[in-house]
Amino acid sequence: MFNSNNLLSPFVCLNSRFWPFYISINLLLVVISFVLYISNKLSVSYVLLSTLILFTLILLWWRDVIRERIIGFHTSKLELSFRFGILWFIASEVFFFISFFWAFYDSSLAPSVDIGLSWPPIGVAPLRVYSVPLLNTVILLSSGVTVTWSHHALINNFYSSSIYSLFITVVLGIYFLSIQYEEYVESSFSIADGVYGSTFFIRTGFHGIHVIVGTSMLFYTLVHIGLAKLTYNHHFIFEASAWYWHFVDVVWLFLFISIYWWGRL
């Protein structure tokens with residue numbers, strides 16, 4: 001519900017908006033259900049259900065934001081605050097991954113006696129660099145090109161080109177996830193294989209979760225471009241999705257260099 005003072009303010013003044021609260025509570029439930037799942041106290045169905053609810057709440061929140069833009073409540077100052085918000089969110093994600101990289105380099109640069117004073121640890125066969133990891137790198141870099149192409153096409157009012165290139169980006173994201181899953185299945189080690197397995201699966205796993213989120217954001221954007229709800233001068237949701245996707249690409253490059261290439265030297 002909007003206040004009557006909206007027309008006098010460069011920002012949207014709301015009497016009530018509970019989506020952030022609902023999403024925060026559900027995100028906590030996702031974490032709790034996942035911890036109980038890996039502790040063999042809950043089935044994976046609870047994790048999937050809580051994750052599905054989380055995505056539904058996020059999509060409903062985005063729906064309301066798009067409606068606000070269509071009504072005309074998105075001023076230049078408000079859109080600027082949106083951009084700062086997504087940039088700070090990506091910055092927090094950067095520090096989130098820094099902690100995992102820190103754990104990896106702390107263990108790999110000074111391997112302990114428990115893992116044979118070597119990295120990779122004795123008995124662990126690392127994955128080949130120039131196979132699946134290199135293919136996934138090419139896929140993500142290609143998706144970064146296609147999402148940029150789609151963005152510029154939208155800015156220049158080439159809606160069909162924007163839709164086609166964004167569709168390719170979504171397909172590449174799904175293809176990346178399928179190959180990552182096959183890599184997990186065929187891996188000779190697991191998350192229980194000491195510090196090497198835990199750092200590998202935690203970093204690549206959380207990156208995979210971010211790929212899922214980014215692919216969902218791009219698919220949601222694709223649907224709204226198809227419905228003509230995004231225009232060349234009002235498409236912040238596309239910009240936010242593209243920035244997030246480029247962040248995912250950059251993180252993967254660091255993962256590829258550190259885990260797959262440098263980690264097996």
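The values are calculated or read from the model by the stated rules, or taken from the named source; none is laboratory data. Because the structure is a prediction, the values reported are computed rather than measured. FYI the Cβ positions are ideal-geometry reconstructions off the backbone, even for glycines, and counts take in every protein chain you see.
Here are the numbers for the structure shown:
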| quantity | calculated |
| --- | --- |
| Failed item in (1) surrounded by 13 or more Cβ atoms within 10 Å (Cβ to Cβ); (2) at pLDDT below 90; (3) within 30 Å of GLY194 (Cα to Cα), with ILE122 passing the rest | (1) |
| Residues within segment 96-119 that are touching a Pro at 6+ places or on another chain (Cβ under 7 Å) and of a type in the set (S, T, N, Q), tallied | 1 |
| Filtered residues of segment 209-265 (kept if among the charged types (D, E, K, R) and under 30 Å from SER108 (Cα atoms)) | ASP249, ARG264 |
| Selection within segment 185-207 - surrounded by fewer than 15 Cβ atoms within 10 Å (Cβ to Cβ) and over 19 Å from the mean Cα position of the chain (by Cα) | VAL185, GLU186, SER188, SER190, ALA192 |
| Contacts under 8 angstrom Cβ, first residue in segment 147-164 being touching a residue at least 12 places away in the same chain (Cβ under 8 Å), partner assigned to a helix (DSSP H, G or I) and among the charged types (D, E, K, R), 6 or more apart | HIS151/GLU239 |
| Condition check for LEU117: assigned by TED's automatic domain parsing to the domain that holds TYR260, in contact with a helix residue (DSSP H, G or I) (Cβ under 8 Å, 6 or more places away or on another chain) and loosely packed, with under 15 Cβ neighbours inside 10 Å | no |
| Total residues in segment 227-265, condition hydroxyl-bearing (Ser, Thr, Tyr), out of contact with any Asp or Glu (no Cβ under 9 Å at 6 or more places or on another chain) and part of a helix (DSSP H, G or I) | 3 |
| Residue check, TYR220 modelled with pLDDT under 90, within 19 Å of LEU172 (Cβ to Cβ) and assigned to a helix (DSSP H, G or I) | yes |
| Test result for VAL185, within 20 Å of VAL213 (Cα to Cα) and without any contact (Cβ under 8 Å) to a residue 12 or more places away in the chain | no |
| Matching residues in segment 224-256 - criterion: being modelled with pLDDT of 90 or more, among the β-branched types (Val, Ile, Thr) and surrounded by fewer than 21 Cβ atoms within 10 Å (Cβ to Cβ) | VAL250 |
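Yes or no, residue by residue, for (1) part of a helix (DSSP H, G or I); (2) over 17 Å from ILE212 (Cα atoms):
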position: TYR22; (1), (2): yes, yes
position: PHE34; (1), (2): yes, no
position: SER45; (1), (2): yes, yes
position: THR51; (1), (2): yes, no
position: THR56; (1), (2): yes, no
position: ASP64; (1), (2): yes, yes
position: PHE73; (1), (2): no, yes
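Residue by residue, here is whether (1) at positive phi; (2) touching a Gly at 6+ places or on another chain (Cβ under 8 Å); (3) at pLDDT 90 or above; (4) outside the structural domain of HIS234 (by TED's automatic domain parsing) holds:
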| site | (1), (2), (3), (4) |
| --- | --- |
| THR146 | no, no, yes, no |
| TRP149 | no, no, yes, no |
| ASN157 | yes, no, no, no |
| ILE168 | no, no, yes, no |
| TYR175 | no, no, yes, no |
| SER187 | no, no, no, no |
| TYR196 | no, no, no, no |
